1. In nanometres, what is the gap between the two model label sites at Tyr94 and Tyr17, each 7 Å from Cα along Cα-to-Cβ?
2. For an R0 of 30 angstrom, estimate the FRET efficiency from the Cβ-Cβ distance between Asp31 and Lys103 and round to the nearest 0.05.
3. Given H placed 1.01 Å from N in the peptide plane, which residues other than close sequence neighbours of Ala12 have an amide H under 5 Å from its amide H?
4. How large is ³J(HN,Hα) for each residue in region 13-19, as worked out from phi by the Karplus curve 6.51 cos²θ - 1.76 cosθ + 1.60 (θ = phi - 60°), to whole Hz, x for Gly and Pro?
5. Where nothing but the Cβ of Lys and Arg (+1) and of Asp and Glu (-1) is charged, how large is the charge dipole of the chain around its Cα centre, in debye to the nearest 20?
6. Per DSSP H run of n ≥ 4, the term is -39500 (n - 2.57); total these for the chain, divide by its residue number, and report the mean residue ellipticity at 222 nm rounded to 500 deg cm²/dmol.
7. Using a cut-off of 12 Å between beta-carbons, work out the net charge of the residues near Ala81 (Lys and Arg +1, Asp and Glu -1, Ala81 not included).
8. Rank Ser41, Tyr77, Asn55 by how far each Cα sits towards the positive end of the charge dipole of region 32-85 (+1 on Lys, Arg Cβ; -1 on Asp, Glu Cβ) and give me just the farthest.
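The values are calculated or read from the model by the stated rules, or taken from the named source; none is laboratory data. Owing to the predicted nature of the structure, the values given are computational and were not obtained by experimental measurement. Here the Cβ is made from the backbone with ideal geometry for all residues, glycine too, and neighbour counts use every protein chain on show. When the accessible area is computed, the model is the full protein with side chains, heavy atoms only, and any ligands, DNA or RNA have been set aside. Shrake-Rupley method; radii C 1.70, N 1.55, O 1.52, S 1.80 Å.
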Amino acid sequence: MFAYYDGKKLIAGLYAYQDLGVFYIDLLWVDESYRYQGLGSKLLKMAEQCAAKNNALYIRLNSGLFQAPEFYLKNNYEQFAKLPLVTASKKKQYDYYFVKYLKGVKT
């Protein structure tokens with residue numbers, strides 16, 4: 001878990017874990033009033049450093065359309081899948097899957 005606080009208020013956080021050489025980012029969140037200040041990118045960099053330190057082969061994450069998948073593209077993540085989601089409202093939504101290879105590993 002990586003986090004930023006404003007005093008005692010949690011304003012941004014990232015939850016990740018590693019399993020079998022893969023570093024998974026499960027959640028990245030920035031309070032709406034603190035967005036566009038670079039906190040999300042800083043959290044990603046912290047997670048990437050942790051993944052490299054722990055000899056992960058790559059970082060993997062997924063993001064919904066409503067969660068700004070372009071943010072990950074801007075931070076040099078490669079989209080490898082896009083899957084449709086079924087929603088109660090029947091509005092078209094997608095889940096985007098991203099990867100970032102570490103140490104020059106690419107398959």
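1. Here the modelled spin labels are 2.9 nm apart.
2. Using R0 = 30 Å, I get an efficiency of 0.35.
3. When sequence neighbours closer than 5 places are left aside, the close amide H contacts are Tyr4, Asp31.
4. Values per residue, Gly and Pro as x: x, 9, 10, 9, 8, 10, 8 Hz.
5. Values: 15 positive and 9 negative charges, 34 e Å.
Result for the chain is approximately 160 debye, rounded to the nearest 20.
6. Numbers: 2 runs with 21 residues, N = 107.
Mean residue ellipticity at 222 nm (helix-derived): -6000 deg cm²/dmol.
7. Numbers: positive: Arg60, Lys82; negative: Glu78, Asp95.
Result for the neighbourhood of Ala81: 0.
8. The residue sitting most towards the positive pole is Asn55.
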